[in-house]
Amino acid sequence: MVNFLLSIMADLENLTDLQPQGGCTDDNFRYHFKPQGGCTEDNFCYHFKLKCGKCGEITQKETYVSLVETVPLPIGKGNTHLIQKCKFCCRDGTVTMITGRGRPLTHEDSEANKSAPLMLFECRGYEPLDFVFRGEWQAVSLDGTKFTGIDLSGGEEYVDYDEKGGYPVMISNPRAAFHVVK
């Protein structure tokens with residue numbers, strides 16, 4: 001079992017608290033690994049690719065996991081968020097999300113070129129790769145105006161105007177990384 005912490009970074013201009021729509025601890029967030037299914041307005045999708053820990057095969061399709069969707073473990077007691085078989089070596093792997101480690105990316109983080117932890121994944125037999133910014137995100141201007149429904153898919157930048165503050169706001173260069181943690 002290896003724990004992978006998903007951390008995000010972005011260049012924030014006049015914005016702070018970048019996070020998935022609904023917040024980092026919302027049970028309706030969907031961290032997506034499964035090759036079928038999709039995102040709706042009611043859940044947040046986290047898209048990745050997975051690498052098999054045994055043979056090194058990388059999934060061809062993006063997959064997802066969701067906090068609200070669990071499946072029973074095939075052996076023993078308990079649940080996990082994903083059980084998937086490697087198409088090359090046929091080994092089963094699991095991904096379980098562990099809440100309580102995420103927080104929004106702040107303006108201070110962005111200015112210091114630091115990342116913010118988003119979610120912790122306990123992986124058995126798989127390694128997560130290539131997070132994709134999909135779904136809706138939210139952020140707050142430095143004057144407190146809330147911006148919702150932000151689309152960062154495809155690495156696109158987000159540009160808007162804060163009427164209250166009288167200045168433009170922008171999110172650019174969104175990126176993410178997985179780090180092994182104990």
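The values are calculated or read from the model by the stated rules, or taken from the named source; none is laboratory data. Note that the structure is a prediction, hence the values are computed from the model and not measured. Cβ: placed from backbone, ideal geometry, glycine included. Neighbour counts: every protein chain shown.
Just one of (1) buried (at least 20 other Cβ atoms within 10 Å of the Cβ); (2) at positive phi; (3) not hydroxyl-bearing (Ser, Thr, Tyr) fails for residue 173. It is (1). Within the stretch 75-119, the only residue that satisfies the criterion of being surrounded by fewer than 18 Cβ atoms within 10 Å (Cβ to Cβ), in contact with a strand residue (DSSP E or B) (Cβ under 8 Å, 6 or more places away or on another chain), hydrophobic (A, V, I, L, M, F, W, C) and closer than 30 Å to residue 138 by Cβ is 98. Given the criteria crowded, with 20+ Cβ neighbours inside 10 Å, under 29 Å from residue 52 (Cα atoms) and at pLDDT 90 or above, does residue 152 qualify? Answer is no for this residue. Looking only at the stretch 1-31, residues that are over 18 Å from residue 174 (Cα atoms) and at pLDDT below 75 come to 6 in all.
Of all residues in the stretch 155-175, exactly one satisfies the criterion of being small (Gly, Ala, Ser) and at pLDDT below 90, namely 155.
Residue 141 fails exactly one of the following numbered conditions: (1) at pLDDT below 95; (2) surrounded by 20 or more Cβ atoms within 10 Å (Cβ to Cβ); (3) among the hydroxyl-bearing types (Ser, Thr, Tyr). What is the number of that condition? Failed condition: (1). The set of residues in the stretch 55-74 being assigned to a loop (DSSP other than H, G, I, E, B), loosely packed, with under 15 Cβ neighbours inside 10 Å and under 20 Å from the mean Cα position of the chain (by Cα) consists of 60, 61, 68. In the stretch 104-115, the count of residues that are at pLDDT 95 or above, in a loop (DSSP other than H, G, I, E, B) and touching a Cys at 6+ places or on another chain (Cβ under 7 Å) is one or more.
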